[in-house]
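S.K.: What follows is a single structure, and I will ask about it in a moment.
The values are calculated or read from the model by the stated rules, or taken from the named source; none is laboratory data. What you see is a predicted model; the values in this text were computed from it and never measured. Please note: Cβ atoms are built from the backbone with ideal geometry, for glycine as well, and neighbour counts cover all protein chains shown.
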Amino acid sequence: MQRLRIAAAFGGLVLLACAALGQHAVAQPPVHGASETVPRQQPAQQPPTEPQSARPSASPIYGVTIPPGYRKWQLIAPAEEAAPLDELRVVLGNPEAVEAIERSAKRFPDGAVLVKLAYKRKPSPDFEPATIPGQPTTVQVMVKDSRRYASTGGWGFGRFVGGVAVDAAQHQTCFACHAARVKDRDYVFTRFAP
Ligand code: HEC
């Protein structure tokens, strides 16, 4: 009971924080002034952006881009976020990331990439009790490069709305939350769904 209450309180906190940030992310226009003032890192070291994105975009601070071909990566787990965000999420990993999770590695190898896709929910038009992904909200990316991102646990972060990276202020929050909660799992929340 006690544990349940603690778990519930903890979950509530995380969700609240996420919701606040998520709201912010959704409320932001795709192109934000702040991102223009932040010097972008050389995209040359990064793989090209997903062709679907008409405006290739690298995240401020980290220079992370949406990895090509990620929609074909393996599913690690779905997740959902309570109101007010009311989102469905899926986390996918590239082969390096999946392999590390499979063998419960203490650390992810350089080259591991995780992508989280978030959607609004909507009722299925075909079957009322079912909920399906509605409008996409954010795509979030974590890229492991222990040298380049040494000061943030070896991870570079990117949050994209409509394929365009959000502002630097939002990117300043990523590592802090991941570090506060799951430092002992190399800053990664998601584990394989059973
Ligand atoms: C307030 C806490 C919080 C903040 C801030 C946050 N995240 Fe997360 N992140 C989570 C949680 C919790 C998950 C687990 C999946 C879920 O519940 O949606 C997660 C999962 C992820 C994942 C999938 C890998 C994993 O760790 O499970 C990526 C990628 C990710 N976040 C990127 C980002 C980026 C990029 C930012 C900053 C723009 C960010 N996160 C900011 C809490 C946070």
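S.K.: Tell me, please, whether a residue that is in contact with a helix residue (DSSP H, G or I) (Cβ under 6 Å, 6 or more places away or on another chain), part of a strand (DSSP E or B), of a type in the set (Val, Ile, Thr) and surrounded by 14 or more Cβ atoms within 10 Å (Cβ to Cβ) can be found in region 115-136.
M.R.: yes
S.K.: A follow-up question, please. Could you grab me the full set of residues in region 137-194 that are under 14 Å from Lys116 (Cα atoms) and basic (Lys, Arg)?
M.R.: Arg159, Arg191, listed by residue number.
S.K.: Of all the residues that make up region 137-178, how many are assigned to a loop (DSSP other than H, G, I, E, B) and farther than 11 Å from Ser59 by Cβ?
M.R.: Result for region 137-178: 9.
S.K.: Assess whether Ala193 counts as being modelled with pLDDT of 95 or more, farther than 25 Å from Pro60 by Cα, part of a loop (DSSP other than H, G, I, E, B) and of a type in the set (A, V, I, L, M, F, W, C).
M.R.: yes
S.K.: Quick check on region 65-80: of everything there that is touching a Lys or Arg at 6+ places or on another chain (Cβ under 7 Å) and not aliphatic (A, V, I, L, M), which residue is nearest to Thr131 (Cα to Cα)?
M.R.: My answer is Glu80.
S.K.: Looking at region 153-183, which of its residues are more than 7 Å from the ligand (Cβ to nearest atom), over 20 Å from Val98 (Cβ atoms) and without any contact (Cβ under 8 Å) to a residue 60 or more places away in the chain?
M.R.: Across region 153-183, the qualifying residues are Phe175, Ala179, Ala180, Lys183.
S.K.: Here's something else I'd like to know. Determine whether region 85-96 contains at least one residue that is part of a helix (DSSP H, G or I) and either modelled with pLDDT under 95 or more than 14 Å from the chain's Cα centre (by Cα) (or both).
M.R.: Looking for residues that are part of a helix (DSSP H, G or I) and either modelled with pLDDT under 95 or more than 14 Å from the chain's Cα centre (by Cα) (or both), one finds at least one in region 85-96, hence yes.
S.K.: Sticking with this structure for a sec: Considering only region 71-84, state which residues are among the hydrophobic types (A, V, I, L, M, F, W, C) and either at pLDDT 95 or above or not in a loop (DSSP other than H, G, I, E, B) (or both).
M.R.: Trp73, Leu75, Ile76, Ala77, Ala79
S.K.: Residue under question is Arg103, and the condition is that it be at pLDDT below 95 and among the basic types (Lys, Arg); does it hold?
M.R.: It is true that Arg103 is at pLDDT below 95 and among the basic types (Lys, Arg).
S.K.: I've got another one for you. In the set Ala112, Ala118, Ala82, which member is over 13 Å from the mean Cα position of the chain (by Cα), within 12 Å of the ligand (Cβ to nearest atom) and either more than 24 Å from Arg148 (Cα to Cα) or acidic (Asp, Glu) (or both)?
M.R.: Of Ala112, Ala118, Ala82, the one residue that is over 13 Å from the mean Cα position of the chain (by Cα), within 12 Å of the ligand (Cβ to nearest atom) and either more than 24 Å from Arg148 (Cα to Cα) or acidic (Asp, Glu) (or both) is Ala82.
S.K.: While we're here: Looking at (1) touching a residue at least 40 places away in the same chain (Cβ under 8 Å); (2) charged (D, E, K, R); (3) over 24 Å from Pro123 (Cα atoms); (4) in contact with a strand residue (DSSP E or B) (Cβ under 9 Å, 6 or more places away or on another chain), which is the one condition that is false for Glu87?
M.R.: It fails just one condition, (3).
S.K.: Would you mind telling me which numbered condition in (1) within 13 Å of the ligand (Cβ to nearest atom); (2) out of contact with any Leu (no Cβ under 6 Å at 6 or more places or on another chain); (3) at pLDDT 95 or above Pro68 fails?
M.R.: Unmet condition: (1).
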